[in-house]
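Trainee: Okay, handing you the structure first.
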Amino acid sequence: MSRSGTVFIASSSYLVFSRFMQKLEIFSFRRFPWISIRKHRSNLSQILMSVPNEENAASHSQLSSHFFLDILDSIIVDVASEYHRIARLGLDRNLEEEEEELKLSAQARVRVADPSNSNEVNGKYVVDIFGQTHPPVANEIFSCMNCGRSIMAGRFAPHLEKCMGKGRKARLKVTRSSTAAQNRYSRGNQVSTYSPYSGSSSTNRLANGTSGVAGEEYSNGTSEP
Amino acid sequence: MSSRINQPINGQIILQSCPHLAEFRAINGSKAFRALQDCLRVKPPGGRAAIRRDPHELPRCGACGDFAHSRLYACMTCAAVSCHAPTGSSHAAAHADSVPVGHEIAVDLDRAELFCCACRDQVYDRDFDAAVVLAQNSASILGGGSSRLPSPQPENLRKRRRVDYRPWTPDLRERVFLGSCSTPLDCVDPSLDLPWGLRGLNNLGNTCFMNSVLQALLHTPPLRNYFLSDRHNRFFCQNKNNGGNAGNNKNGRVCLACDMDAMFSAVFSGDRTPYSPAKFLYSWWQHAANLASYEQQDAHEFFISMLDGIHEKVEKNGQKPHSQGNGDCCIAHRVFSGILRSDVMCMACGFTSTTYDPCIDISLDLEPNQGSSSKAAAAASNRSCNGEADCKNSSQNRGISTLVGCLEQFTRVERLGPDQKFFCQQCQVRQESLKQMSIRKLPLVSCFHIKRFEHSSSRKMSRKVDRYLQFPLSLDMSPYLSSSILRSRFGNRIFPSDEDELDASTEFPSEFELFAVVTHSGKLDAGHYVTYLRLSNQWYKCDDAWVTQVDEDIVRAAQGYMMFYVQKMLFYKATERQGGS
């Protein structure tokens with residue numbers, strides 16, 4: 001028994017294997033994050049160390065494929081065992097229902113996209129379910145809670161904005177002190193995506209407004225772009 | 001695989017045991033698995049358990065000497081190791097046959113799962129799982145050993161006793177009293193059998209962001225029941241100054257709940273002409289003085305801000321330092337408040353730090369590559385077992401995002417890399433870690449906000465994501481609960497956790513029904529909000545003053561921005577009542 005022979009196999013093929021195991025580990029980490037393949041690596045090193053000297057003659061590739069199949073086999077049993085448990089304990093989600101919902105929404109999208117059976121005539125500026133029709137700009141008249149002047153409903157918000165001394169200048173120095181800001185959570189890593197309470201920029205929101213100029217001039221129809 | 005043998009009932013798993021395991025337990029009692037305790041090896045911290053008598057032992061089959069076999073089992077009675085293959089020779093089965101009785105149960109050495117050699121199937125046992133979880137825990141808390149799961153308990157998670165439902169019908173005296181003190185609503189148009197409370201809201205000048213959210217809130221079952229049952233009467237509200245209404249007292253304290261009450265009265269009055277929520281806008285602006293110009297308003301931001309407004313008033317008035325997550329402080333939080341759990345596990349030592357945060361909605365990323373999410377991949381592989389792979393795959397190829405996918409993304413394990421190291425209390429240094437979110441407590445009404453918005457701070461650019469998102473009409477939230485997440489982290493072992501206790505104590509099922517969808521159409525700075533409401537299982541489109549009846553397909557195909565789901569239990573009650581009126 002030459003000790004150097006064993007060491008030789010161990011050193012050269014172990015390098016190949018550790019690289020392979022690293023790859024597998026990343027793979028297995030993605031799929032089953034709380035499971036690790038490191039266990040197999042320690043097993044392997046034991047196996048490699050105990051490979052008898054006669055095996056020295058076997059080509060490395062043969063040895064590699066042998067180990068590869070073993071590991072693959074083991075991983076397959078891992079997955080099977082895991083899903084056996086999930087199925088037996090009734091922990092699997094109701095995939096049939098999810099599938100049904102997906103199918104329904106796909107069908108709905110096809111139907112809605114089809115212009116021939118469009119049963120919704122734009123919805124707006126026609127009669128509503130109560131048989132009423134409404135002007136594009138709401139014409140109900142009431143008095144402003146702030147200044148008491150009579151104002152038309154459709155123009156109330158722009159009026160109130162001026163009346164309460166809000167508007168452009170005020171908006172520029174927006175700082176949010178709402179408690180909501182403190183109570184929010186965030187998924188740490190999303191630095192560049194969405195930060196609704198950063199308060200940095202007023203465009204950091206989905207907005208329904210038209211361009212600022214139109215809003216200030218109270219022009220007709222700007223309420224519904 | 002898809003057949004469910006043991007359905008979990010209300011979070012409790014019912015086990016069906018094989019006769020051999022039952023017999024084994026009868027002979028050995030609960031002590032049977034105690035001997036295994038010392039053989040359980042968990043590597044790395046928080047990882048999977050394996051069975052080794054000695055940490056460096058290399059087990060091999062007693063019959064054929066094979067050590068590289070992927071399935072090696074140790075007999076639970078005599079510790080003999082044998083290999084097993086589903087086809088061909090099974091030394092494990094041979095071992096069980098070789099002795100007359102009692103050697104059927106074995107344990108999988110690499111997976112720490114029980115196996116019945118006679119049934120040739122994996123079997124499950126509560127005590128065995130508990131032993132494995134104990135080993136996994138002690139491995140992750142190396143030197144500490146103080147508490148099993150160091151989890152600070154939020155004060156509101158004490159068991160709450162529920163009061164049984166008792167139906168009430170007024171007796172003669174009560175009926176007289178009710179009749180003398182109230183004026184019955186006269187139904188405006190009885191020919192139209194439309195649900196109560198359907199009423200358009202006038203656009204006050206680009207205020208559809210407000211109208212859309214108000215429509216959803218006006219038809220939020222628990223919120224509606226609260227206001228319609230006179231729980232917050234604006235005429236007796238303590239929050240306002242000496243009964244002076246804001247019309248003649250500009251400096252009077254605003255109470256958004258009073259304005260909500262006024263709006264509920266108006267909307268449910270039976271009057272079908274559009275209502276102008278002017279007073280509400282005025283009060284809200286007074287509350288959110290720093291949220292300036294209405295032109296750039298976002299519906300979600302309005303939602304948060306106004307619930308915050310309702311909450312704040314109660315807070316100031318009550319003088320009690322309620323925590324928001326408590327959920328008992330005000331109607332806004334009683335309805336919308338849930339608790340999120342966030343676990344950060346140190347990748348070096350396995351120490352897990354847990355924090356709980358209250359939330360009133362869940363903001364979800366609209367992931368562009370949802371197919372690559374780990375759980376989606378796992379689900380897909382599971383699906384392929386069901387032979388329904390093509391449907392799922394095709395939908396993934398088309399790049400359809402789903403709400404369920406977003407929730408999976410939200411609760412998936414996230415690796416915090418070298419740039420986001422967190423300070424590990426046990427290692428006393430900053431370490432790389434794994435982070436995972438889950439839902440500790442579900443609210444009565446779950447609001448999901450989809451981040452249809454991408455903001456690049458480096459390029460000073462913002463854009464709206466117009467991608468379609470599929471959302472179900474019924475949603476089961478159980479996979480995202482802390483108890484489920486925690487269980488899956490411990491290899492789906494059955495063990496009594498404090499999370500399970502909570503699930504049992506709240507007794508609320510995790511099934512939700514969709515009742516309102518706020519959609520946004522158009523561009524980032526010039527768009528329009530429309531709400532779809534589901535009343536008595538019919539969908540209505542609320543587009544400012546216009547209320548129209550729409551097909552379910554239109555809603556399913558709509559571009560959802562905020563989705564409101566209510567606990568199924570409350571939803572069906574609501575439709576019944578609507579149908580009866």
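Trainee: Checking B:VAL176 against (1) under 17 Å from B:ALA545 (Cβ atoms); (2) modelled with pLDDT of 85 or more, only one condition comes out false. Which one?
Mentor: (1) is the only condition that B:VAL176 fails.
Trainee: Ok, one more. For the stretch B:423-449, enumerate the residues that are under 18 Å from B:SER353 (Cβ atoms) and in a loop (DSSP other than H, G, I, E, B).
Mentor: Listed by number, the residues that qualify are B:CYS424, B:GLN425, B:GLN426, B:CYS427, B:GLN428, B:VAL429, B:GLU432.
Trainee: Then there is this: Quickly run through the stretch B:450-489 and pick out the residues that are modelled with pLDDT of 90 or more and in a helix (DSSP H, G or I).
Mentor: The answer is B:TYR480, and nothing else.
Trainee: Now for a different question. Given the conditions (1) under 16 Å from B:ASN28 (Cα atoms); (2) without any contact (Cβ under 8 Å) to a residue 60 or more places away in the chain; (3) within 43 Å of the chain's Cα centre (by Cα), and given that B:HIS103 satisfies all but one, which numbered condition is not satisfied?
Mentor: Condition (3) is where B:HIS103 drops out.
Trainee: Cβ-Cβ below 6 Å, separation at least six or inter-chain, first residue in the stretch B:208-221 and over 18 Å from B:MET569 (Cα atoms), second hydroxyl-bearing (Ser, Thr, Tyr): which pairs?
Mentor: What qualifies is B:CYS208/B:TYR529; B:PHE209/B:TYR529; B:SER212/B:TYR529; B:SER212/B:THR531; B:GLN215/B:THR531; B:ALA216/B:THR531.
Trainee: Report, by residue number, each residue of the stretch B:466-491 that is within 10 Å of chain A (Cβ to nearest Cβ) and over 11 Å from the mean Cα position of the chain (by Cα).
Mentor: Matches in the stretch B:466-491: B:TYR468, B:LEU469, B:GLN470, B:PHE471, B:PRO472, B:LEU473, B:SER474, B:ARG487, B:SER488, B:ARG489, B:PHE490, B:GLY491.
Trainee: Starting from the stretch A:66-86, keep only residues that are closer than 15 Å to B:TYR124 by Cα and β-branched (Val, Ile, Thr), then list their pairs with residues that are modelled with pLDDT under 85 and not in a helix (DSSP H, G or I) whose Cβ atoms are within a distance under 8 Å, requiring at least 6 positions of separation or different chains.
Mentor: A:ILE86/A:ASP92; A:ILE86/B:ASN492
Trainee: While we're looking at this one, here's another question. Do you know which of the residues in the stretch B:40-78 that are among the small types (Gly, Ala, Ser), part of a loop (DSSP other than H, G, I, E, B) and in contact with a helix residue (DSSP H, G or I) (Cβ under 9 Å, 6 or more places away or on another chain) is modelled with the lowest pLDDT?
Mentor: Ranking the candidates gives B:GLY46 first.
Trainee: Still on this structure, I have one more. Only residues that are farther than 15 Å from B:GLN286 by Cβ, at the interface with chain B (Cβ under 7 Å from one of its Cβ atoms) and modelled with pLDDT of 85 or more: list them for the stretch A:157-181, please.
Mentor: Within the stretch A:157-181, just A:PRO158 meets the criteria.
Trainee: Now for a separate question. Mind checking which residues of the stretch B:260-307 are touching a Lys or Arg at 6+ places or on another chain (Cβ under 6 Å), modelled with pLDDT of 90 or more and under 26 Å from B:HIS449 (Cα atoms)?
Mentor: Listed by number, the residues that qualify are B:ASP261, B:VAL267.
Trainee: Being facing chain A (nearest Cβ under 10 Å) and at pLDDT below 85, is that true of even one residue in the stretch B:513-523?
Mentor: There is at least one residue in the stretch B:513-523 that is facing chain A (nearest Cβ under 10 Å) and at pLDDT below 85.
Trainee: Another one. Tell me which of these B:GLU113 doesn't satisfy, since it passes every other one: (1) within 14 Å of chain A (Cβ to nearest Cβ); (2) more than 40 Å from the chain's Cα centre (by Cα).
Mentor: All conditions pass for B:GLU113, except number (2).
Trainee: Follow-up. From the residues in the stretch A:129-145 that are of a type in the set (A, V, I, L, M) and within 7 Å of another protein chain (Cβ to nearest Cβ), which one is nearest to B:CYS208 (Cα to Cα)?
Mentor: If we take residues in the stretch A:129-145 being of a type in the set (A, V, I, L, M) and within 7 Å of another protein chain (Cβ to nearest Cβ), then A:ALA138 is nearest to B:CYS208 (Cα to Cα).
Trainee: Right, here's the next one. Looking at the structure I just gave you, is B:THR411 more than 22 Å from B:HIS232 (Cβ to Cβ) and either at pLDDT below 50 or away from chain A (no Cβ under 11 Å) (or both)?
Mentor: So B:THR411 does not fit the description; no.
Trainee: Can you find, within the stretch B:540-557, the residue that is nearest to B:LEU514 (Cα to Cα) among those that are more than 7 Å from chain A (Cβ to nearest Cβ), more than 26 Å from the chain's Cα centre (by Cα) and not charged (D, E, K, R)?
Mentor: If we take residues in the stretch B:540-557 being more than 7 Å from chain A (Cβ to nearest Cβ), more than 26 Å from the chain's Cα centre (by Cα) and not charged (D, E, K, R), then B:TYR540 is nearest to B:LEU514 (Cα to Cα).
The values are calculated or read from the model by the stated rules, or taken from the named source; none is laboratory data. These numbers come from a predicted model, not from an experiment. Glycine also receives a Cβ, built like all others from the backbone with ideal geometry; neighbour counts cover every protein chain displayed.
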